[in-house]
Every structure is written in structure tokens, then in C-alpha cells.
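Just so you know, all these numbers are worked out from the coordinates, no wet-lab data involved. This is a predicted model, so every value here is computed, not measured. Positions of Cβ are backbone-derived with ideal geometry, glycine not excepted, and every protein chain shown enters the neighbour counts.
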Amino acid sequence: MIALTYPARSDAQHRFVTRLRDGLVDHDLDSRVLESADARSLWIGGNGLLQIEAPADELIDDVVLVDPEAGRIERLLRSGSEHNTLLVTERCDQLCVMCSQPPKKNHDDRFALLEEACLLAEPGSLIGISGGEPTLFKSQLLAMLETVLSIRPDLSFHILSNGQHFTTDDVARLSEGQFAHVAWGIPLYASTATLHDRIVAKPGAFERLQDSFDYLLQAAARIELRTVILQDNLDQLPDLARYVSINLPFIEQWSIMGLENIGFAKNRWDSLYVDIRQNFEPLDLALDQAQLRGIPVRLFNTPLCYLPADFRHYAVASISDWKRRYAPACDNCHQKSNCSGFFEWHPEKLIADVTPL
Ligand code: SF4
């Protein structure tokens, strides 16, 4: 797994963002490498000396958040990666049964630091934003996006949100041209309020979500709908496909996703996980419905060898590089470079159970 944090030392009195440079330093927030050995590097920048317990060549051009008190750096934007995601809060107002990042009560306001990081991003970057629920801090979030995109119109954002906090007052703001660079990844787990609300553990969530979809439609916002496959909703996926095609035909994409064995799902795995190889029919019907009705649909977090040949074109190699792994047998698979593989924390017995293509 690729490390996202490293132990570090700095004499600065506060957290700061810096971009780690090899030779050329062309921004006030850049730091330049002074020394690098096998497992340690020394950098100099506007906040003085920074020692990181990692060799410089692993970090060149990364944008990092230095936390002197915690004694570590966090790699906010890894150079050359297409999988950079910024965590804006760990608070959330839902408690989804399979949440991969269970919410916490505390909120650490890092918006100013994250804004600085975004302004240092590589040209043309797509930056992910997640939580917790980012729109619990909607005014700060939208202000950050507006500032960054006004200075860096080459950037774009993908924001994971539970869609519970958009209001009619947001329509004009989200209609502004800058927000054409922002896509919202919003989960919908079922076509009925009963099941969706049970999965997200919030009464009324389904109804509130429909209101948000109305506001986002009025703003011509870009929406990626997300559905995690669970034992509870597998059989209802064809109904959900019909629901999406009738009520949400304006979405940019419907992403149907495999479950992650982390967070709440780890202890509930046996009651949540579905091996689609054992019962592919509901997914088959849902994909056909979506395709027939013109809904762009994709499968995330799903190994290609789990799918009948006719359905492999729906699959996206979606698992981020830092948390992706393959089975030893995958080395003999000619589809490995196109395959999502597995999450680093996927159950070992399932990882061993693959059939190379
Ligand atoms: S054998 Fe491995 S690389 Fe090939 S499709 Fe299956 S999981 Fe993917």
C-alpha cells in the first residue's frame, strides 16, 4: 500500500502546506530538498527546516500538510496520481450500514490549508473531496471551490456528498460557470424510502435527497449517482434502474459499486457482502434496464473475472492506487492492467479465489 503519511519534524509553530521540490522553487509555499538518504530527507522552505522519514525521490512535487505537533506530514496531493482526495471533515449526519469511514464528532477546520494545497495542484488535476459529509460545512466548501476555480480554472473537483443539505438558495450559486468543473458523487441505495433510509440509518433521508436532486437539476449540476451492492438491495437493483431512468435521467453516470471491507462493513461483512458470481441476475437486469433507457452506467470495485464476458465493458479500474492490490494469480491474467483488482483490506479468502482471464 502506498503511504499517505510519514513521520516528520519541523520547528514551525503551526500547521502549514508546502510543495516539495527537487531543484526549481517557484512559489512562496515551496520547499527545496537539501539532503536525502535511504529513509530520510531534509527540506528547506518558508517555514524553516523540515525533516521527513522518507527518501526525497518518493515525495518530489507532492503537496503535503505538515503538522509539527503531530510530528508527521500528510500527502494531500501526490505528484502524478489520479487518486488524490482531500478529507474536509469527519462529521456526518448519516450512519450508513457499510460506511467505510465511520463519522466522528469532532471537526478539524482545514479549509484554508486545503485551499492552499489546491492552488499548488498539478495542471489539469481532478481533485476528490470526501468526508464525513462535506456539505455539513457547505458555505466554507463552496467558498473554497469558488476561490480555487477562479484562480485555477484548469482544475476540476469530484465531491462525495450524501445530498442532504442542498437548498433552493444554492441554485443560483451552483449555476455559476465555475461549478461546471464540479461533479457531485451522491449515493442512492434503493428506489423506496423504506430501504434507502434503513441503509443510511436516517429517517426521511430518501425524501430529502429527492429535494436536493431537484435543486441540483435546476442548477444543471453534474451528478454521479452511487449505489453500493448489498444483500439488502441486490434484488431491488432492477427497480432502482427503472427509478433512476424515470426520475433522474439527467445524471452524468450511475456507478454501481462493490463493497469495501473496512469501517462499519468490516464487522458486518457476512450480513452485507454479496458475491455477484453466485447471483448475477439482478445486476444483469439492472445494467440492461439502465442501458436500454440511456442511463450511462458503470461498475466500480469489481474484478473483471467476477463478470460474464458480455458485462466486462461496464467495469472501471476504479480502486485508487494507494489502496489497490491483486492476487498472486493475477500476474498470469492478461486483463490485469484493465482490472480494478481488490481493496488492500479485502478478505484474503476472496482474493485467493480468482480465475485469471
Ligand atoms: S485474475 Fe486478477 S487481474 Fe485478472 S480479472 Fe481477476 S482480479 Fe482482475
Run down the lysines and flag those whose C-alpha is under 27 Å from the C-alpha of residue 138, throwing out any fewer than 8 positions away in its chain.
104, 105, 202
How do the peptides 22-28, 183-189 rank, highest first, by the average count of neighbouring beta carbon atoms within 10 Å per residue?
183-189, 22-28
Just need the relative contact order of the chain here, percent rounded to a whole number, with Cα pairs under 8 Å and 6+ apart.
12 percent
List the lysines whose Cα lies under 18 Å from the Cα of residue 336, skipping any in the same chain that are fewer than 8 positions away.
323
Can you sort 213, 250 so the residue with the fewest Cβ neighbours within 10 Å comes first?
250, 213
Do the sum for the chain: with -39,500 (n - 2.57) for every DSSP H run of n ≥ 4, divided by all residues, what is the mean residue ellipticity at 222 nm, to the nearest 500 deg cm²/dmol?
-7000 deg cm²/dmol
The helix 237-247 Cα axis meets the longest alpha-carbon principal axis of the chain at an angle in degrees, between 0 and 90 and rounded to 10, of 80 degrees
Over what distance in Å are the Cα centres of the range 282-297 and the range 24-65 separated?
49 Å
For a quick check, take a GNM of the chain with Cα springs below 10 Å and name the residue from 56, 329, 317 with the largest mean-square fluctuation.
329
Connecting every pair of Cα atoms under 10 Å apart in the chain and solving the GNM, the largest mean-square fluctuation among 284, 331, 197 falls on 331
Given unit charges at Cβ for Lys, Arg (+) and Asp, Glu (-), the dipole magnitude of the chain about its Cα centre in debye, nearest 20, is 500 debye
Among 119, 3, 45, whose Cα lies farthest out toward the positive end of the dipole of the chain, if unit charges sit on the beta carbon of Lys, Arg (+1) and Asp, Glu (-1)?
3
Based on the Cβ-Cβ distance from residue 9 to residue 355, what FRET efficiency comes out when R0 is 41 Å, to the nearest 0.05?
0.25
For each of 135, 192, count neighbouring Cβ atoms within 10 Å of the residue's Cβ, then give the residues from fewest to most.
192, 135
